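**Q** Handing you a structure now.
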Amino acid sequence: MKQTVLALMASLTLFGLHTQANAQLLGSANTFAVLAGSTVTNTGFTVLSGDLGVWPGTQVTGFPPGVVTRGAIHAGDGAAMQAQADLTTAYNILANEAVNTNLTSQNLGGMTLLPGVYRFNSSASLIGTLTLDAQGDPNASFHFQIGSTLVTATGAAVNVINGGSDTNVYWQVGSSATLGIGTAFRGHILALASITLNTGATILNGSALARTGGVTMGSNTITVSVSVKQFSGHVELQGFIGDATVQPIVIEFRHPGSSNPVFARTVYLRHDGSFLFTTNSPSLPAGFYDVTAKGTHWLRSKLSTVYVAATGASGLDFTGPNFLINGDVDGDNEVSIGDFSLLSAAYNSSPSSPRWIANADLNGDLSVDVGDYAILSTNYSMVGDD
């Protein structure tokens, strides 16, 4: 029997505030189609539109035959680590929201729900079709708190109607989620443990995000928001012989001539100095931007008037004349007496020393010595781009 559950009217004002933050709720995890804590396993022809990541685990198997489009594989790297941190924050926010309606022991199949926060004290099941009615509000949100497991039956479906967005549907799952064969799912699954998608299950405009366990797939399709943009380029770190892959690089986008960023992302380089990230942030519509890059002890470098298309931008190369200049120990975007003071304080130290200052190890050889002085002396009085 079809059921209609109305959200409490008193909650609508508060929930309107929640919907405004939906696009930012997942933080850097919002570009991940799949994110796992331990392993990612796939059999069959799975297609992911968005990033694939795992952290603190590193194992990704089944790609190929699975493919990742409009994204990259982040196996145990800094991007996956940050995404897991942001996932944990989002999970806790969702778990602690005030509940509008408790649906414990009821089958979601056959229900039509209005925007709100819904609670299952233990497990939740979907047998049949769940309809989420946005009532003409494109920002309408549907949040589900599930105490233990989420399980859908073969051929189950979630439909968002009347102008709603799949991307505003969130499923906070207290243990594991399992999507049955051929399930047509909508929204973001944030599971404490693991997520399994059986053959043919799909998640459109959503994601499968597991905090501690694995994500297992078999011939599935998962797509994050269609508005995702992809950005790629290279960064050359002057005078650095250490492991560049653990050095955070802050990429900022600014309106031409402005010093105020409209969007920023911390990236970690591959071994060849390249980087790639995706975002669906509304702060980066198509247009021209100044793009900057800055490392922890490198000066900021700027690429002027870069065109960002609806699909993003490539060739963001901070190399050659645009490489990052070394020596900014104190991070103030200039090489000056303050940097000499910090380097002198850390001179002749290594990571085990109480005087160790990581940013003073300019060349990355795990020792603050004459080589670092040489870099700083060469670049003394230089100032980074605004």
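**Q** Could we say that Gly76 is within 24 Å of Gly233 (Cα to Cα) and touching a strand residue (DSSP E or B) at 6+ places or on another chain (Cβ under 8 Å) here?
**A** On the way: within 24 Å of Gly233 (Cα to Cα): yes; touching a strand residue (DSSP E or B) at 6+ places or on another chain (Cβ under 8 Å): yes.
Answer is yes for this residue.
**Q** Search segment 77-93 for residues being of a type in the set (A, V, I, L, M) and surrounded by fewer than 20 Cβ atoms within 10 Å (Cβ to Cβ), and hand back the single one that is nearest to His271 (Cα to Cα).
**A** In the first step, residues of segment 77-93 are kept if they are of a type in the set (A, V, I, L, M); the result is 79-81, 83, 85, 87, 90, 93.
Applying the additional criterion that residues be surrounded by fewer than 20 Cβ atoms within 10 Å (Cβ to Cβ) yields 81, 85, 93.
Values: Met81: 18, Ala85: 24, Ile93: 36 Å.
The residue in question is Met81.
**Q** Also, quick follow-up: Collect the residues in segment 277-305 that are among the charged types (D, E, K, R) and free of Cβ contacts under 8 Å to residues at least 40 places away in the same chain, keeping them in residue-number order.
**A** Asp290, the sole residue that qualifies.
Results for (1) under 24 Å from Ser225 (Cα atoms); (2) not acidic (Asp, Glu), shown as yes or no for each residue.
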{"residue": "Phe45", "(1), (2)": "yes, yes"}
{"residue": "Asp51", "(1), (2)": "yes, no"}
{"residue": "Gly71", "(1), (2)": "yes, yes"}
{"residue": "Arg119", "(1), (2)": "no, yes"}
{"residue": "Leu126", "(1), (2)": "yes, yes"}
{"residue": "Ala156", "(1), (2)": "yes, yes"}
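**Q** Okay, next question. How many residues does segment 181-213 hold that are surrounded by fewer than 21 Cβ atoms within 10 Å (Cβ to Cβ) and of a type outside the set (S, T, N, Q)?
**A** 9
**Q** With respect to the numbered conditions (1) buried (at least 16 other Cβ atoms within 10 Å of the Cβ); (2) not in a strand (DSSP E or B); (3) not acidic (Asp, Glu), which one is the sole condition not fulfilled by Val306?
**A** Among (1) buried (at least 16 other Cβ atoms within 10 Å of the Cβ); (2) not in a strand (DSSP E or B); (3) not acidic (Asp, Glu), the lone unmet condition for Val306 is (2).
**Q** In addition: Would you mind finding the one in Ala124, Ala156 that is on the phi < 0 side of the Ramachandran plot, touching a Ser or Thr at 6+ places or on another chain (Cβ under 7 Å) and of a type outside the set (S, T, N, Q)?
**A** Going through Ala124, Ala156 in turn, the sole match is Ala156.
**Q** So, one more: Taking Thr221 as the residue in question, decide whether it is of a type in the set (Ser, Thr, Tyr) and either on the phi > 0 side of the Ramachandran plot or surrounded by fewer than 20 Cβ atoms within 10 Å (Cβ to Cβ) (or both). Spell out the reasoning first.
**A** Working: of a type in the set (Ser, Thr, Tyr): yes; either on the phi > 0 side of the Ramachandran plot or surrounded by fewer than 20 Cβ atoms within 10 Å (Cβ to Cβ) (or both): yes.
Here the answer is yes, as Thr221 does meet what is asked.
Laboratory data are not the source of any read-out in this text; all were calculated from the coordinates shown. Predicted, not measured: the structure shown is a model, and the values here were computed from it. Here the Cβ is made from the backbone with ideal geometry for all residues, glycine too, and neighbour counts use every protein chain on show.
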